[in-house]
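Comments concern the structure below.
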Amino acid sequence: MDNTRDTGKKKTKPPHTTVQYMCDRVLPNFAKHFLCSGPQEFPFTKFFLGAGFGAIYGIGLYYGLLHKIPMYEEYRIPVACAFIGLCALCCAVSAYLRCSILLILPSMLGTQGRAYVMVFVLACLYQGPVSNIHRNVQDIAFSMGCNIELQINHSKVMWKVMIDPFKKVVQDIVDEKKKFEQEAQAVKKTFQDIREQVMGEYGYSNFHIEPVLRSKSTQEMFAAKTMLRCDYVVEEGMYRCKAWFDKKWQACMHTISIPLLNHLLCLPMTFSFLCNILKVMTPWCKDKIPVEGNFGQTYDKLNFSIERLGDDFSTSVVITKTEQQTVVGDQISQSQITEELRAAFQKNMILLDRFVDIIQILLSCSFVCIFLSAFSYARNYNRDICFDNMYITTYFRQIDARRRKLEKRYLLPLKKAEHADFIFPWSLKMHPSELRICGLGMLQVIPLSFFTGTLLAIDWFLYRIFTIIRTYSYTEYSLSSSHHIEINVGGQSMMATLLRQSIGALNTSAAMDLNTNNMHCLPQPHCLSQSDYLWSTLPLLLMMLLCCVQVYSNRLRRVIAAFFFPKREKRRTLFLYNGQIRRRIFYIEMQRKRLMRRADRARVNSLLYSLCWRLGCLGRHCCVCGEKQKGECEECPLQTCKAVYCAQCWKDLGRFCFACTPFTQNISGENNSETDIKYAE
C-alpha cells in the first residue's frame, strides 16, 4: 500500500503554467479538474457554462459598444437578443471561439483599443471645442445680422420722420379737394360781377357800335365803352333835362290858365337849350376817367386764370417704393440676413450631426475590428508555431531544470546576447520589440494631442476675443427730431382765402425722441466647462497609458491562449527550447560571423569611426550583447582593433577577438534554415 501511494505521488506532474499553479493553490479539486480538463471531458457542463459565460460577455459587449448604433427602437431588442444569443452559442460549442471572445479584453487594451479611444476623442472634440467654436461663431454672425437690422430700422425711423410731414401736407391737400373746389366756385361768382362791369353792354346804345367793338382788343374795347357810357350819360342827362323843362312848362301852363299871361310867366320853362351845357362833360370824361394802359392785358390774364380755376382739378397720392437689395450673397436682401444666416448654420449643424453619427457608428463597429484581432491571434497561435513564441514560460523553465538535473545542455541563465530573443513575462522591463510598439503608439498620440491642444487654444482665444467684443461693443442710440411750421395768411380777400387753403396745409408739427441700445444684439460667448476639458484631455492620457499597458496586455493574450490550448502551448514551448538549443550549439560561430561582418564595415568607415571616437560621440559598448560599459571592460589586445567586450561575452568567446579575423563567407556550423521567431503586435 505504501509503495502504491509513493508511486502515485511520483506520477503527479507539476503545473506547466502559472494559471494551473494558481488553480492548484486556490481552487478546490473538482473546480481545478474541470478547468484543466481536456476537450472531451464534461461536454454538457462546458456547454451550459460556456453559454452562460457567453451571454454575460455578450451583454457587456452590447451595452459597452453596440447599443449606440443608430437604429429604430423596435429593432434594438431583437438585435440585442440575437447578438447575446450568438455569443452564448459560440462560447457553448467551441473552445476556439471561447478563447477568441476572451481575447477581446486584452485586445481592447492594445492597438484596437487605442483606435477605439482615438475615435472617442474625435467625438469628444466635436461635442466639446468644435461645437463650442461653432456656437460662438454662430452667435457672432447673428450679432452682426442683428446690428445690421438695428441700423436699418434706425434708418427707416429717420426716413419716416423726414417724409411723414410731407406726406401729411399732401394728404391734407387731397382731403381739402372739395373745399378748394367750393372756394374756386365762389371766386368765379365774385369775379362774374367784375366781368359784367368790364364786358357788359349797358350804359350806351349798342345797336350800331357793338359789331365794331367786338373786333378790337380788350383794352381798346373797354376804353371805347367807357367813352360811350360817358357820352350816353351826357345825352341821357340832356334828354332828361329837356324832359324836365317840358314837364314843368306843362305844369305851369296848367296852373296859370290866363291866356297870354301864362305864356309870359311860363316862358323860363321853355329854356331847354340850357340842357346843352351837359356837353361840357364829354371833355371831362376824356380827362378825368382815364383807362390804364395795361388794364386790358391784366384783365385778360385774370379772366383766364379765373376761368381755369377749379377746372380739371384733381388730387391723388401715388407712392412708389423701390426695393434696393444689398447683396451679401446670392439673392440675399437686408431683410433676410438673419434668416439666411440661421439657415446656413442649420445646414452646417446637419452636416456636423451626420459626422457625429458616422463617428458613433465607427465606435460601435470597432467591436468587429477588436473581435477580428482576437480571432486572428487565436488562429495564428494554433497554425503558426513561431507566432508570438518568445516567452520564458514556466514550462520552459521546467524543461531547462530537468535537462540540468540530467546534466544535459541547458539554456538558463541566458547569455547577454540572447536576451534580445526572449521575453520574460513577469519582468516589467520592456523588450525591444515591445518598446518599438510602444513608441509607434506614442507617435500616434502626439499628432492627436497637438490637434486637440490647437482646438482648445483656438476655442479659448475666440472666447476671449468675443468677450472683449461684447464688453466694448455696447452702444446706445439717441434719435431726437422736432419741427414746427406755421404760416399765417391774413385778410379776407380771394387770394388770402386761396393761400390759406393751399399754403396753410404746410402748417405741421412733429416731435420724436427715441433711445435704444444694442444690448440684445451683443454676442454671448460660451466657454468650455471643466468637464469638457477633462473629456478632451483624459482620453489622450488614456491612450498614452494604453501604449504602455499594451506591452503587458499582449503578454496576457498568450496566457489566455495557453489556458485554452495547453497541448499546443507545450509543443510551442518545446519548439522554442529546441530551437534555442541548436542556436546555443553554434553560438560562438554565429557571434564570430556577426563580429567579422561588423569589423569589415568598420574598416570601410574607419575614418568616420575614428573621428566620432575622438569627438566622444561613440560610447563604449560590448560588441556582442551591445551593453554599455561604464567601468572596467575587456578590450582587444590589438591597438588597431579597439573592440570592447563585457566580462561574460569575453569569456563566452574564449577570450578571443573575432573582430580582428578577416571575413570569410562560409563558416562551419552556420544554420540558415532556422525559422525566425515573430512577435505578435
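The values are calculated or read from the model by the stated rules, or taken from the named source; none is laboratory data. Owing to the predicted nature of the structure, the values given are computational and were not obtained by experimental measurement. Methodologically, a virtual Cβ is constructed for each residue, glycine included, from the backbone with ideal geometry; neighbour enumeration extends over all protein chains shown. All accessible areas refer to the heavy atoms of the entire protein, side chains included, with ligands and DNA or RNA removed. Shrake-Rupley method; radii C 1.70, N 1.55, O 1.52, S 1.80 Å.
Observations, loosely collected:
- Among the residues of the range 168-179, those that are among the charged types (D, E, K, R) and in a helix (DSSP H, G or I) comprise Lys168, Asp172, Asp175, Lys177, Lys178, Lys179.
- Scanning the range 64-106 for residues that are among the charged types (D, E, K, R) and modelled with pLDDT under 80 turns up Lys68, Glu73, Glu74, Arg76.
- Any hit, the range 399-418, residues being assigned to a helix (DSSP H, G or I), of a type in the set (Gly, Ala, Ser), open to solvent by less than 30 Å² (accessible area, probe 1.4 Å) and closer than 30 Å to Pro539 by Cβ: no
- Considering residues of the range 531-579 that are open to solvent by less than 70 Å² (accessible area, probe 1.4 Å) and hydroxyl-bearing (Ser, Thr, Tyr) only, the residue farthest from Leu105 (Cα to Cα): Tyr577
- Hits in the range 623-671 (condition: within 60 Å of the chain's Cα centre (by Cα) and modelled with pLDDT of 75 or more): Cys625
- Looking across the range 510-544, the residues that are more than 24 Å from Arg135 (Cα to Cα) and either under 22 Å from the mean Cα position of the chain (by Cα) or hydrophobic (A, V, I, L, M, F, W, C) (or both) come down to Ala510, Ala511, Met512, Leu514, Leu540, Leu541, Leu542, Met543, Met544.
- Scanning the range 354-391 for residues that are touching a residue at least 60 places away in the same chain (Cβ under 8 Å) and open to solvent by 50 Å² or more (accessible area, probe 1.4 Å) returns Phe355, Asp357, Ile361, Leu362, Cys365, Cys369, Phe371, Phe375.
- Any hit, the range 575-586, residues being of a type in the set (A, V, I, L, M, F, W, C) and under 16 Å from Tyr391 (Cβ atoms): yes
- Test: residue in the range 287-298 that is modelled with pLDDT of 75 or more and either out of contact with any Phe, Trp or Tyr (no Cβ under 9 Å at 6 or more places or on another chain) or not aliphatic (A, V, I, L, M) (or both): yes
- For Glu220, the conditions (1) in contact (Cβ under 8 Å) with a residue 60 or more places away in the chain; (2) surrounded by 15 or more Cβ atoms within 10 Å (Cβ to Cβ) all hold with the exception of (2).
- For Ile446, the conditions (1) out of contact with any Pro (no Cβ under 8 Å at 6 or more places or on another chain); (2) under 30 Å from Ile588 (Cα atoms) are fulfilled apart from (2).
- Residue match in the range 598-611 (condition: modelled with pLDDT of 85 or more, part of a helix (DSSP H, G or I) and surrounded by fewer than 16 Cβ atoms within 10 Å (Cβ to Cβ)): no
- Flag for Thr255 being under 29 Å from Tyr299 (Cβ atoms) and not charged (D, E, K, R): no
- The range 510-530 - residue that is part of a helix (DSSP H, G or I) and touching a helix residue (DSSP H, G or I) at 6+ places or on another chain (Cβ under 9 Å) and, of those, surrounded by the fewest Cβ atoms within 10 Å (Cβ to Cβ): His520
- Residue tally, condition modelled with pLDDT of 80 or more, surrounded by 14 or more Cβ atoms within 10 Å (Cβ to Cβ) and over 22 Å from Met281 (Cβ atoms), over the range 231-265: 4
- Test: residue in the range 369-390 that is basic (Lys, Arg), closer than 30 Å to Tyr587 by Cα and in contact with a Cys (Cβ under 7 Å, 6 or more places away or on another chain): no
Here's the yes/no breakdown for (1) touching a residue at least 40 places away in the same chain (Cβ under 8 Å); (2) among the aromatic types (Phe, Trp, Tyr); (3) farther than 26 Å from Pro525 by Cα:
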position: Ile437; (1), (2), (3): yes, no, yes
position: Gly441; (1), (2), (3): yes, no, yes
position: Leu455; (1), (2), (3): yes, no, no
position: Phe466; (1), (2), (3): yes, yes, no
position: Thr471; (1), (2), (3): no, no, no
position: Tyr477; (1), (2), (3): yes, yes, no
position: Ser480; (1), (2), (3): no, no, yes
position: Val489; (1), (2), (3): no, no, yes
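- Breaking point among (1) open to solvent by 80 Å² or more (accessible area, probe 1.4 Å); (2) over 13 Å from Leu278 (Cβ atoms), for Lys225: (1)
- Filter pass, Ser333 being at pLDDT 70 or above and of a type in the set (Ser, Thr, Tyr): no
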